There are 2 protein chains.
Amino acid sequence: MTKHKVVFQPVGAKIEVERESNILEAAAESGIYINSLCGGEGVCGKCKVQIIAGEAKPTSHSIRFLSREEINEAFVLACQTEIRDDLEVWVPPEARLEEEQILTTESMVCYQAPQDLEVKDSLDIPSLLYMPVTQKIHLSLPKPSLTDNLADLDRVYREIRKKIQAPTLEISLPSLRSMATMLRENEWQVTATIYPLDEHCIEILSLEPGDTCAENYGIACDIGTTTIVAQLVDLRSGAILGVEASHNQQARYGEDVISRMIYVCSRGGLSAIHTAVVEPVNAIIDTLLEKQGVEASNITALTAAGNTTMTHLFLGLEPCTIRLEPYIPTANFLPATSAAELNLHLHPNARVSCMPGVSSYVGGDITAGVLASGISNSPQISALIDIGTNGEIVIGNNEWLVCCSASAGPAFEGSGTKCGMRATRGAIQKVGIEGEKVHLSTIGGAKARGICGSGLIDAIAELFRNRIIDASGKFPRDSDNPRVRKNEGDMEFVLAHGDETETGKRVVITESDISNLIKSKGAILAAMRLLLNSVGMSFKDLDRILVAGGFGNYLDVEKATFIGLLPDIPPERIQYIGNSSLTGARMALLSRHALARANNLARQMTYLELSVDPNFYHEFVAALFLPHTDMDLYPSVKRIMGS
Amino acid sequence: MTKHKVVFQPVGAKIEVERESNILEAAAESGIYINSLCGGEGVCGKCKVQIIAGEAKPTSHSIRFLSREEINEAFVLACQTEIRDDLEVWVPPEARLEEEQILTTESMVCYQAPQDLEVKDSLDIPSLLYMPVTQKIHLSLPKPSLTDNLADLDRVYREIRKKIQAPTLEISLPSLRSMATMLRENEWQVTATIYPLDEHCIEILSLEPGDTCAENYGIACDIGTTTIVAQLVDLRSGAILGVEASHNQQARYGEDVISRMIYVCSRGGLSAIHTAVVEPVNAIIDTLLEKQGVEASNITALTAAGNTTMTHLFLGLEPCTIRLEPYIPTANFLPATSAAELNLHLHPNARVSCMPGVSSYVGGDITAGVLASGISNSPQISALIDIGTNGEIVIGNNEWLVCCSASAGPAFEGSGTKCGMRATRGAIQKVGIEGEKVHLSTIGGAKARGICGSGLIDAIAELFRNRIIDASGKFPRDSDNPRVRKNEGDMEFVLAHGDETETGKRVVITESDISNLIKSKGAILAAMRLLLNSVGMSFKDLDRILVAGGFGNYLDVEKATFIGLLPDIPPERIQYIGNSSLTGARMALLSRHALARANNLARQMTYLELSVDPNFYHEFVAALFLPHTDMDLYPSVKRIMGS
C-alpha cells in the first residue's frame, strides 16, 4: 500500500501513513491532538488545519465550515481530508488540543475543598474522619506453639477480631500464598489493610511487614468529561495532602459524551477510550505521589465520581445504551474493584469505588454533589445546579429529592462558539462593558486567546445590559456601536482586536454564539421550571441555589441571573460550591457511612426524564429570551431594563 | 557444558542432558517417571535402574540399597547417580511410576458412592439436593423502556430477587463489562449462575445467553497423596454422571507428604508440585467431560477434599510450616477461589472450595469423612479410621468429637516393602495360607507383580494364624516351612515363585516388611488407645468402627483385627465405608448446608497432638505385637491362638 509522509507544524512532528488515512488520525498517531468536538464526524468544524505543502482538497461536505478566505488559504477539516500526497500541515493554536492544563492560583481554589463547612454540616466529623474505605491495623501476633496451634490465617483473624467487630473475614488466595513466610520473616509483626464488604464481612486486602499504620492514603477523583482532578488524602487524618488536574485525554475522541459514545459504539474504540481516561488519572497519581513523597503501595483506596458515561468508560463498561432511548446504563451502582484490574498506579489490591448514579444522565458526580452540598440534611428547599455540557439539577430537602438533566451543549465549556476555548490560560473569563469601553480579564493575565464559558455569560449580560443586543439576543440591524460588524453573513461584537490578542486574530462574539448560549441557558432554566412544577413549586419556593461545576469559580452569579440562566432570587441565597463532585468523592473515601449515604441518596432521588415531558418544548421556547419571555419571573432584571 | 545422550528402555525415550545431571531428573525430563518414595533424597532405595550401555557407578552412599547380584548386573539408584557418559538405561517395571491407574470393576466400587444410605442419614434429602454450591437461574427480563428504565444490572438483580432471597448481590467487573451487549443480543433471555458468599450476599458468577439451567454440573474431588479421584455430578439432581481416577503426579517428587514438603521447602519446588497436582485433576476433568459430553463452561463448581498438605499444594500455599513443630498450616479454613486462579479446566469463574481441616495432620479429607459417615448425627460412639500413610482417627458422636493422626509409614500404601506396590493391576490383594498351600488373589486377575497394603495385612494375618511367624512377627529360626528362607541376611516368606509372577522374580514378604507393618499398625492402634483414654473410654465403648481409605475396599476387616490393626469388637460392628473423603466432598458440592456443617465439624473436633503425648511411646511399644502385648484386649484372637 502506498505510504505518504506528513509533517505537522509548528511542532515538526513527522509520520508516515497509509494513503487515504485522514489527517486527524495521522496527527493523533504522530502525537498531535487536534481539537475535534464531534469525534471526527465532520459536524463541528473545529479541526481546521492549513495545508502548507503538498496537495489536499476539502470535501464538498466540509466546505460549509470554511470561509472563502480559509479555502483560499488551503484550510481543510482534518477529519474529512484524506491524505493522497506527502503533506506539510499547519495546526493553528486554536485547533490544537492542549496537553497541559495550567492551574493558576486562582483556578486552584476550585480544586481545594472550598466547602469544608458544608462537609462538616452534612456529616458528623467523627464518623467522617474515622471510617475510611480502608483501614490499616497493626497486628502483634503471639508466636504459635503446640498449645496455641491455630493456623496462620486463624491467628491473624483472631487478632483482628480483638480490635474490630468482624463476623466474617475474607482473604484472597494470592494474599494467603505469601502469608506463612511473611509472618515468620517479620517476627509476627504485620499490618493488615482491611476493607469492609458490608456490615457482616470484612476483606483483608493485604498483609505487609511491620507497622505501617502511619501511612495509609487514598485518592479522591473527579472524572470530568473535560478535566480530571484528584486529591491525595491522608486516610487517618482526612487531610488533603495535594491536588492535581489534567485534561481527560478522551477529548481526542470527541469533546462531549455523545461524540465519545459514538466513537466507542460505531468504531469499537472502548479499549482506547478507557485507556485515555486511565492514563491521565495515573499521571495525576504519579505527580501527587512524587510531590508528597508517598509510595504507591501505601495508597489503598480510590473513590471516583463522574457522570454516568465517564464512570462507564473509566471502568471499561460499554456506554452504548446510555445514548439511545430508553437511555439505560449498564449499572448505576458500580461494583468496587481493584487497582490492578484497572491498571491504576496504586497498591494492586487498593479498592476502587465509583460514586453511584441515578440514571444515564444524572451520574455519580451529581450524587457526590448532593452528598457534599448537604442539601439532603436540611428542611430548606435547595436547588443544586451542576453546569457543564449537561446541566444537572437536583431540587429537594431532607425529605425528598427530584432531579433531571438537560442537554446544554458545549457553550458553557467554552466550545461550540466561534472564539470559544476552555477555561485555561488566555481565556477571557470576565467582561465589563461601559459605553464603548470593553474591560477584559483573562485567565493567568495573559493576552487573550479566546473566550471561555464564564466570559461568554459575562459578555452577553453586559451586551444586554448596555442594550447592544436585544432580549432575543440580536444586534439591532441599525447598531452604531463601532465594535459591532457583519462578517461572513453573521453579526458579531469585537471583544478584542487583533493587536490585543496572542494569535493576532480578533476575539469576537457572534449572534450565532449568543443564540447558542441562549439555547443552552434556556434548556437549563426550562428543566428547572419543569422540575419545580413536578413538585408543585416555583422559583420563589427555593430557599437557596447551589451552583457547582468546572467553570463555576469564575461565574458571576448576578450576571448569570441577569441573562436568565439562574432563577431570580436574592443573590445572597445563591452560592457557588466549587467542585462538589470531588468533595463528595473525598467524603465517600473518608467515610463508609458517607458512601452508604450516597447509595441511599442515589436510590432516593426521583429522576424526571425530560425528553419525554410534553411541556419541555413549551418551557424551552419561553426561556429563549434574555432573561425570559415572562419578565415577571425576573423582577430584578425588569427593574433595570424595564418591561 | 558437555552434554550426554541418555536412552531409557524399554520405552526408548531419548534425552540429551548436561553432564552431572542425575538419572532420576533426566528420566523425568524425558517423560519417564521413576518411583522415588523419598523425593530423590537417596534414602528409600526404590529408584533402582540398570545401566545397559555406557558407564555409571553407584555411589558409596547408595551401595547399601543394592544386593551383590544387583551391583554385578550394573544396577544403580537413579537419584544418586550422575551422568558422565552416554547411557542406555533399563527401567524395570517395579521402578516405573505408572502413568495410568487401572480401574478394575472391583476397584470402581470404592469410587462410587457406596454409602448413599449414610449420606441420606446425615442430611435430609431436600436440603442436600436443592442447595448446591452454585445454582443457575433463568431470567426472562422485561425490555427496558422510558417508564421502566432501571439500569441493566438493577434489572438483573430485580429478577433474581423475584426468585430467591438476596439482600446483597455482587458481580465482578469482567462479568459486568459484557452485560449490556449480551442482554440485548439475546433478547433479554439469560441464565445467571449464582454463588452465595454467605447468607447475606450472593455473587453472580456469570451470565450466559438463553436458558441453560438444564446444564449445571460440579466436580467432587478427593486429592489423595497417591491417587486423585473425581466425580462429575449433576448439580440439579445430585446424580453422579461419571468417575475417574489418576495418580497424583507429585509422586515424582516424593511418595509421602513429608518428602514432598522437603522438596518444596528446601528446593523451592512449590510451583512444580502445585502443577503436578493440578495437571492430573485437569486430566480427570477432561476425561469426565469428554465421556459424558459435557462442556467445561457448564461446570460451575468444584469441591476438593484432601489432607492438609495436599490442600495447601493444590491451592499453591506454602506447606513448610506443617512439617515442623509446632505444625502450623497457613489455613484450615480455605477461601473459595475461582477455576481461573488455579488454571482448572472449568468455567473460569467456577467456584473452587476446599473442605476445611482441623490441623496440620487432620485435614479436609477427614472432615469430609466425618460429614459423609454421619458419625456426628448419632448418639452412638463411633470411630472413623482413615488408613493411609497417616492414620487419622476420629472418635465421638453427636455431642463431641476428638481426633488425632499417627504417622503410619508407607506400608499400607504398598510401599516401603521389598515387593510392595500400589493397589493396581497385578498387586496381590488377598492371601490365604492353608498348610503349605498359598492362595493368592491379584487385582485384575493378572500375574502377580508385587503386594499391596491389603495383601500384606492378609499375608501377615495368615502367617501368624498358621504360626509361621510368632507374635513378635519373627520367623522361628528352626522353621521347616519350605517357603521360608534366608536371603541377603533377612528371613523371608515366598508368596509367589518366579514362574508365577509377571516379572519372573519371586514375590516375598520379609521379616523387615512384617516389622515395618507391625510398627505401622502399632502407631494407629496406639493412637486410638490414647484418643479413647483422653475421653475416659476403651475399645468396648465403641459402638461401631468405620474404616475409610484407598485400600479399604480389599481390606479383610477380620484379618485386620486379627493382627491388631483394628480393635477387637464384633466384626459386624466394623464397616468399610469406602472413599468417605470423596463422598463428603460431593455432599458439600450438593449442599451449602453440608459445607457449613463441615466448617462447624472442623471447628468442633478437638485435636490431640500425639507427638507431645508422654504416653504415646508406651502405647506404641505395647502395640508392637500381633495383635497386642495385652492379649485381654483381643479375646477373639486369644480364643484362636491361646494366650
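Here the calculated FRET efficiency for A:Gln50 and A:Asp541, from their Cβ-Cβ distance with R0 = 45 Å, stands at 0.25, rounded to the nearest 0.05.
Think of each Lys and Arg Cβ as +1 and each Asp and Glu Cβ as -1; about the Cα centre, that makes the dipole of chain B roughly 360 debye. Model label points for A:Glu572 and A:His618, set 7 angstrom from Cα along the Cα-to-Cβ axis, are 3.7 nm apart. Farthest towards the positive end of the charge dipole of the protein assembly as shown, among the residues B:Cys354, B:Pro379, B:Pro132, is the Cα of B:Pro379, using unit charges on the Cβ of Lys, Arg, Asp and Glu. This model, with +1 at the C-beta of Lys and Arg and -1 at the C-beta of Asp and Glu, gives region B:135-209 a dipole about its Cα centre of some 200 debye. Ranked from shortest, the separations from the 7 Å Cα-to-Cβ label point of A:Asp543 to its equivalents in the other copies are 7.1 nm. What is the helix-to-structure angle for B:511-534, meaning the angle in degrees between its Cα long axis and the longest Cα principal axis of chain B, kept from 0 to 90 and rounded to the nearest 10? Once rounded, the angle reads 50 degrees.
Considering the rotation that superimposes chain B on chain A, the residue of B whose beta-carbon lies nearest the axis, and that distance in Å, is B:His200, 3.
For chain A, what does -39500 (n - 2.57) per DSSP helix run (n ≥ 4), summed and divided by total residues, give at 222 nm, in deg cm²/dmol to the nearest 500?
-8500 deg cm²/dmol
Around the amide H of A:Ile574, modelled in the peptide plane, lie the amide H atoms of A:Ile545, all under 5 Å away and 5 or more residues distant in sequence or on another chain.
Where both bridge residues fall in the protein assembly as shown, DSSP classifies roughly 65% of the beta bridges as antiparallel. Say the dipole of region A:3-95 comes from +1 at the beta carbon of Lys and Arg and -1 at that of Asp and Glu; which of A:Val17, A:Ile71, A:Val91 then lies farthest toward its positive end? After comparing all options, I get A:Ile71.
Within region B:221-354, antiparallel bridges make up roughly 65 percent of the DSSP beta bridges whose residues both belong there. Each of B:Leu288, A:Ala622, B:Val508 was scored by the projection of its Cα onto the charge dipole of the protein assembly as shown, and the greatest displacement toward the positive side belongs to A:Ala622; charges sit on the C-beta of Lys, Arg, Asp and Glu. Summary of the geometry: region A:400-465 and region A:628-643, compared by the centres of their Cα atoms, lie 23 Å apart.
Normalised by the number of residues in region A:221-354, the average gap of Cα pairs under 8 Å and 6 or more apart makes the relative contact order 25 percent. Taking Cα centre as origin and charging only the Cβ of basic (Lys, Arg, +1) and acidic (Asp, Glu, -1) residues, the dipole magnitude of region A:3-95 rounds to 120 debye. Relative to the longest principal axis of the C-alpha atoms of chain B, give the angle of the C-alpha long axis of helix B:592-604, reported between 0 and 90° and rounded to the nearest 10°. The angle comes out at about 50 degrees.
For the pair region B:586-627 / region B:216-271, the C-alpha centres are spaced 21 Å from each other.
Counting only heavy atoms of the protein chains and using a 1.4 Å probe, A:Trp400 has close to 70 Å² of accessible surface. With kT/(6 pi eta Rh) evaluated at 20 °C and eta = 1.002 mPa s, and Rh the Kirkwood radius from Cα pairs, region A:411-508 diffuses with a coefficient of 160 µm²/s according to Stokes-Einstein. Taking Lys and Arg as +1 and Asp and Glu as -1, the other residues whose beta-carbon sits under 12 Å from that of B:Pro167 total -4.
Averaged over the residues of peptide A:151-158, the number of Cβ atoms from other protein chains lying within 10 Å of each residue's Cβ is 5. Taking label points 7 Å from Cα along the Cα-to-Cβ direction, B:Asn397 and A:Lys486 give a separation of 11.0 nm.
Counting protein heavy atoms only and a 1.4 angstrom probe, how many square angstrom of accessible surface do chains B and A bury in total, to the nearest 100? Adding both sides of the contact gives about 3700 Å². Can you figure out the FRET efficiency of A:Ser271 with A:Glu500, using R₀ = 41 Å and their beta-carbon distance, to the nearest 0.05? Using R0 = 41 Å, I get an efficiency of 0.35. Taking a Cβ cut-off of under 14 Å around A:Cys404, the surrounding Lys, Arg, Asp and Glu residues balance to a net charge of -4, with basic ones at +1 and acidic ones at -1. Close amide H contacts of A:Ile563 (hydrogens built in the peptide plane, cut-off under 5 Å, sequence separation of 5 or more or a different chain): none are found. Count Lys and Arg as plus one, Asp and Glu as minus one, and take only other residues whose Cβ is under 15 Å from that of A:Asn533; the net charge is then -3. With everything on Cα atoms, drop me the angle between helix A:453-465 and the longest principal axis of chain A, reported from 0 to 90° to the nearest 10. On a 0 to 90 degree scale, this one is about 40. Normalised Debye scattering of chain A at q = 0.05, 0.10, 0.12 Å⁻¹ gives log10 I(q)/I(0) of -0.25, -0.93, -1.25, counting only Cα atoms as equal scatterers and leaving out solvent.
Spatial offset of region A:338-376 relative to region B:483-521 amounts to 74 Å, using the alpha carbon center of each. 3J(HN,Hα) couplings calculated from phi for region B:174-188 with the Karplus curve 6.51 cos²θ - 1.76 cosθ + 1.60 (θ = phi - 60°) are, in sequence order, x, 5, 5, 4, 9, 5, 4, 5, 4, 4, 6, 5, 10, 6, 6 Hz; Gly and Pro show x.
The values are calculated or read from the model by the stated rules, or taken from the named source; none is laboratory data. Note that the coordinates shown come from a computational prediction; the quantities given were computed from them, not determined experimentally. Cβ atoms come from the backbone with ideal geometry, glycine included; neighbour counts cover every protein chain shown. For the accessible areas, the whole protein counts, side chains as well, though only heavy atoms, and no ligand, DNA or RNA atoms are used. Shrake-Rupley method; radii C 1.70, N 1.55, O 1.52, S 1.80 Å.
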